[in-house]
Amino acid sequence: MKPKQQRLFLGLAAVAAIVGSGFLAMSAIGEKASFFYSPADIAKDGVPQGQAIRLGGMVTGGSIKKAADGVTIDFLVHDGPAKVPVRFRGIPPDLFKENSGVVAEGRFEGATFVASNLLAKHDERYMPPQMDGKQHKTTTLAAQ
């Protein structure tokens, strides 16, 4: 085999290795990736049945209803006029409450989003209760 043919063979082998590793990475990510939707996206594009997604929005005030079993919660997530009913079975995060942000991970079953995990969001002014009123105040050395 001539040196020119060896370089061509090595180049083709390198391209095949890169394409193969990219294909393997995309197939592994494709099963684990979940896309983020807002209720407005759901109202506009429809419900992606059976696909793992993240649903984000605000918890509608007065919509949280606990079931008799004590661990199932039904509530509405809204984003403007669009609303999506959500069902979650488990212990919600401490910051989960009405009129606050939430990101739910799960799948649609019919028109209801069945969440397997809830992530509560807080606004930028959030302060842990232990730190409220105990902020560190910096003084300059010149004042001392």
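At 0.36 nm per residue, minus the direct Cα-Cα distance, what do residue 68 and residue 98 gain on full extension? Give it in nm, one decimal, please.
Numbers: separation 30, 0.36 × 30 = 10.80 nm, distance 1.96 nm.
Here the segment from residue 68 to residue 98 would lengthen by 8.8 nm.
At 1.4 Å probe size, with the rest of the protein present, what percent of the exposed accessible area of segment 1-110 is carbon and sulfur atoms?
Details: 4580 of 7370 Å².
Carbon with sulfur: 62 percent of the solvent-accessible area.
Provide 105, 98 ordered by accessible surface of protein heavy atoms (probe 1.4 Å), highest first.
The ordering from most to least exposed comes out as 98, 105.
Give the accessible area for residue 119 in Å² (nearest 10); use a 1.4 Å probe, count only protein heavy atoms, and leave out ligands, DNA and RNA.
Using a 1.4 Å probe on the heavy atoms, I get roughly 80 Å².
Divide the volume of the convex hull of the Cα atoms of segment 1-104 by its number of residues and quote the answer in cubic angstrom per residue.
Enclosed volume per residue, from the Cα hull, is 166 Å³.
The values are calculated or read from the model by the stated rules, or taken from the named source; none is laboratory data. Note that the structure is a prediction, hence the values are computed from the model and not measured. We work out accessible area using only protein heavy atoms, side chains counted, and drop any ligands, DNA or RNA first. Shrake-Rupley method; radii C 1.70, N 1.55, O 1.52, S 1.80 Å.
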